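Q: Below you will find the structure I want to go over with you.
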Amino acid sequence: MENETARAPRLPWARLLLQVPLRRSVTSYVGRGLFLFLLTVQGLGAFTLITLGVMLTHVGVSRQVIRPRIRQEVARAGLRLLPMFLFLSAALGLVVIGQTVSWLTRVGAINYLGTVMVVVVVRELGPLIAGLLVLARIGTANVIELGTARATGEVEALEALGIDPVHYLVVPRVMGMALGVFALTVYLILGALASGYLWAFIQDVPLRPADYFRQLASALSGMDFALLAVKTLAFGCIIALVTCYHGLAQPLRLEQVSRATVAAVAQAIVACVLIDALFIIIYLST
């Protein structure tokens, strides 16, 4: 019961309800899970509003401190992951082209190769893979770093020095991760499209480079670029907010950091999938 309480906001009435003994039944299990889900949504919503308020009210405050931290987070969530993403872009192009060529060749629809690459890579797999990989590499580190800082009293020390922990610890991570996911998604998509034609050329597909890129250009629209930018920035912001919330917004002990990391990863994945589903609806309705 203490572990479940540690994952929920420390509200007196919430802690009291979580400690009420319930019968072992499916209804009790589902009800308690739904209650914890609502508490998490409430906490994340409040933390998001607080972060947004700090970003709007602290514009220009401590620029000499915050700007280097933002650049550091962009490098950590973007530049340092670039070699891995270039390798994954080549692998993604191979997987998509390998399956697509074998299928399109059977039905004689090789002229739709560029369209398939746009639909599969640009609209869906590229942004989602980039967001999940950044979550796995950087999001988990956020929870561990902030959770350890909270457990050891470093956050309270910042507050004693008059430093806003949200402004100093959260805002640079949110901005840096949003920009990092956006940049990595662009590199991943460009690499996958280029490697896709390379693998198609190796398989002796009768498709000239000019025809391939003409198919890509005809399949893309201005809406694709706008939604791609909004989606990737949303992925980065959501991942940063969820991981910072679980590491910073709740009192933790050192032994609870690993459990908070697991919960943050699971909730960030669910949030990214829901956002992706929303954009699929937007794509289908336009």
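The values are calculated or read from the model by the stated rules, or taken from the named source; none is laboratory data. What you see is a predicted model, and the numbers here were worked out from it, not measured in a lab. Positions of Cβ are generated from backbone atoms using ideal geometry, with glycine treated the same way; all protein chains shown enter the neighbour counts. Side chains included, ligands, DNA and RNA excluded: accessible areas come from the protein's heavy atoms. Shrake-Rupley method; radii C 1.70, N 1.55, O 1.52, S 1.80 Å.
Q: Report, by residue number, each residue of the stretch 52-63 that is in a helix (DSSP H, G or I) and surrounded by 12 or more Cβ atoms within 10 Å (Cβ to Cβ). Outline the logic, then answer.
A: Taking the stretch 52-63 and keeping what is in a helix (DSSP H, G or I), we get 52-57, 63.
Within the stretch 52-63, Leu52, Val54, Met55 qualify.
Q: Same structure, new question: Could you tell me whether the stretch 147-163 includes any residue that is out of contact with any Ser or Thr (no Cβ under 8 Å at 6 or more places or on another chain), open to solvent by less than 20 Å² (accessible area, probe 1.4 Å), touching a residue at least 12 places away in the same chain (Cβ under 8 Å) and closer than 16 Å to Glu73 by Cβ?
A: Looking through the stretch 147-163, at least one residue is out of contact with any Ser or Thr (no Cβ under 8 Å at 6 or more places or on another chain), open to solvent by less than 20 Å² (accessible area, probe 1.4 Å), touching a residue at least 12 places away in the same chain (Cβ under 8 Å) and closer than 16 Å to Glu73 by Cβ.
Q: Considering only residues of the stretch 204-222 that are outside any helix (DSSP H, G or I) and open to solvent by 40 Å² or more (accessible area, probe 1.4 Å), which is nearest to Leu52 (Cα to Cα)?
A: Within the stretch 204-222, the first condition is being outside any helix (DSSP H, G or I), and the residues that meet it are 204-208, 220-221.
Next, from what is left, pick out any that are open to solvent by 40 Å² or more (accessible area, probe 1.4 Å): 204, 206, 208, 220-221.
Values: Asp204: 52, Pro206: 52, Arg208: 49, Leu220: 33, Ser221: 31 Å.
Per the criteria, the residue is Ser221.
Q: Consider Val118 carefully, then state whether it is crowded, with 19+ Cβ neighbours inside 10 Å, under 30 Å from Val65 (Cβ atoms) and at pLDDT below 90.
A: Values: crowded, with 19+ Cβ neighbours inside 10 Å: yes; under 30 Å from Val65 (Cβ atoms): no; at pLDDT below 90: yes.
Spelling it out, it is not the case that Val118 is crowded, with 19+ Cβ neighbours inside 10 Å, under 30 Å from Val65 (Cβ atoms) and at pLDDT below 90.
Q: Of all residues in the stretch 144-200, count the ones that are within 16 Å of the chain's Cα centre (by Cα) and of a type in the set (Val, Ile, Thr).
A: Of the residues in the stretch 144-200, 6 are within 16 Å of the chain's Cα centre (by Cα) and of a type in the set (Val, Ile, Thr).
Q: Still on this model: Go through (1) of a type in the set (A, V, I, L, M); (2) within 21 Å of Ile138 (Cα to Cα); (3) out of contact with any helix residue (DSSP H, G or I) (no Cβ under 7 Å at 6 or more places or on another chain); (4) modelled with pLDDT under 85 for Ile202 and report which single condition fails.
A: (2)
Residues are listed down the side, and each one gets a yes or a no for (1) within 19 Å of the chain's Cα centre (by Cα); (2) without any contact (Cβ under 8 Å) to a residue 12 or more places away in the chain; (3) not in a helix (DSSP H, G or I):
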position	(1), (2), (3)
Ile239	yes, no, no
Val242	yes, no, no
Gln256	no, no, no
Leu274	yes, yes, no
Phe279	yes, no, no
Tyr283	no, no, no
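Q: Continuing with the same structure: If you check Phe182, Phe225, Phe201, which single one turns out to be on the phi < 0 side of the Ramachandran plot, without any contact (Cβ under 8 Å) to a residue 60 or more places away in the chain, touching a Leu at 6+ places or on another chain (Cβ under 7 Å) and assigned to a helix (DSSP H, G or I)? Break it down stepwise before answering.
A: Values: Phe225 fails: touching a Leu at 6+ places or on another chain (Cβ under 7 Å); Phe201 fails: touching a Leu at 6+ places or on another chain (Cβ under 7 Å).
The conditions single out Phe182.
Q: Out of curiosity, is Val270 at pLDDT 90 or above, aliphatic (A, V, I, L, M) and in a helix (DSSP H, G or I)? Lay out the reasoning, then the answer.
A: On the way: at pLDDT 90 or above: yes; aliphatic (A, V, I, L, M): yes; in a helix (DSSP H, G or I): yes.
Yes; evaluated as a whole, the condition is true for this residue.
Listed here are the residues, each with its yes/no results for (1) open to solvent by 50 Å² or more (accessible area, probe 1.4 Å); (2) assigned to a helix (DSSP H, G or I); (3) modelled with pLDDT of 90 or more.
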| residue | (1), (2), (3) |
| --- | --- |
| Leu38 | yes, yes, no |
| Val41 | yes, yes, no |
| Ile50 | yes, yes, yes |
| Pro68 | yes, yes, yes |
| Arg71 | yes, yes, yes |
| Thr100 | no, yes, no |
| Thr105 | yes, yes, no |
| Leu113 | no, yes, no |
| Leu135 | no, yes, yes |
